[in-house]
Amino acid sequence: MQEILEKIFSSPRYFKEVVFFIRAKMSADVDELKDHLKIPSAQIKKDLESLVKLGVLKKDARTLKYFANSDFFLYGELEKLFEKEFLLIQKNFGKILNKSGNIKVLILSGELVKDFYAPTDMIVVGDRLKEKYIEKTILELEKINGKQLRYTIFNTKEFLYRVQMRDAFIKEILGRPRNVLINHNGFLDKLI
C-alpha cells in the first residue's frame, strides 16, 4: 500500500492523472488525456501503464481507453479525498475569480454540485468583467474537475432584467441545488 500511495502522491503527473479518472468517472485514451492535462503522450502512456500495474486504473483492450478501477481497494478513500480537495478548490475559486472585475454573484451549480441535469455549471454576474480572465480561470477548474464546464456570464443589468421577467433559465438555476460563492452585499438575497 505504501508503494501505491507514494507513487500517486509523490508525482504531480500521477496525481493529476489519478484525480482525473476518479473525479471525472469516465474513460479516456492517451490523446484525450494529453489534450486535457497538457502532458506529452509518451509520458502519459508510461504513467497509465504503471497505474494499471498498481491496480488503480484498468485498460479496455478493445478501445485502448483507461478508466478508474472502482474495485481498487483504496478507490472509495481516494474518491472522498479528491472530493474534499475539490471543495477547498471551489472556495478559493471564488476569491480568485473575484479579481476579474466587479462580481456581484457567483453561483456554482450543475456538475459542480452534483446536479447533472442543471442547464449550466456556473453563473457569473457583474460589471466590467474581464471575460478572458474568467475563461482562463474556468479552464483551470476544468482541468481539476476533469470535465468541461458550462458557464454563463451576465452583466448586472441583464441579470436583473431576466430576474424581473421571471426568465425560465434563471428561475431553474435558482430553484436547483447550488453553491453561492459570491453574493456581494446580499445582492442575490434581495432578488429571491
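The values are calculated or read from the model by the stated rules, or taken from the named source; none is laboratory data. The shown structure was predicted, so the numbers you read here are calculated from the model rather than taken from an experiment. Here the Cβ is made from the backbone with ideal geometry for all residues, glycine too, and neighbour counts use every protein chain on show.
Values computed for the structure shown
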read-out	value
Residue that is farthest from the chain's Cα centre (by Cα), among those in the stretch 18-36 that are in contact (Cβ under 8 Å) with a residue 60 or more places away in the chain and either farther than 12 Å from LEU57 by Cα or not assigned by TED's automatic domain parsing to the domain that holds ALA61 (or both)	HIS36
Looking only at the stretch 133-150, and only at residues there that are farther than 18 Å from LYS25 by Cα and in contact with a helix residue (DSSP H, G or I) (Cβ under 6 Å, 6 or more places away or on another chain), the one that is surrounded by the most Cβ atoms within 10 Å (Cβ to Cβ)	ILE134
Test result for GLU172, within 18 Å of TYR117 (Cβ to Cβ) and among the charged types (D, E, K, R)	yes
Residue in the stretch 157-167 that is under 28 Å from PHE21 (Cβ atoms) and of a type outside the set (Asp, Glu) present	no
Residues of the stretch 118-147 classified as within 12 Å of PRO177 (Cα to Cα) and without any contact (Cβ under 8 Å) to a residue 12 or more places away in the chain, total	0
Qualifying positions in the stretch 152-192 - closer than 23 Å to LEU139 by Cα, of a type outside the set (D, E, K, R) and outside any helix (DSSP H, G or I)	THR152, ILE153, PHE154, ASN155, PRO177, ASN179, VAL180, LEU181, ILE182, ASN183
ASP127 farther than 30 Å from LEU37 by Cβ, at pLDDT 90 or above and of a type in the set (Asp, Glu)	yes
In the stretch 98-119, the residues that are of a type outside the set (A, V, I, L, M, F, W, C), part of a loop (DSSP other than H, G, I, E, B) and surrounded by fewer than 19 Cβ atoms within 10 Å (Cβ to Cβ)	GLY101, LYS114, ASP115, TYR117, PRO119
Cβ-Cβ under 6 Å pairs, at least 6 apart or on other chains, the stretch 60-81 side in the same structural domain as ALA28 (by TED's automatic domain parsing), far side part of a helix (DSSP H, G or I)	TYR66/LEU48; ALA68/PHE21; ALA68/ILE22
Residue check for TYR133: of a type outside the set (Gly, Ala, Ser), touching a strand residue (DSSP E or B) at 6+ places or on another chain (Cβ under 6 Å) and within 16 Å of PHE93 (Cβ to Cβ)	no
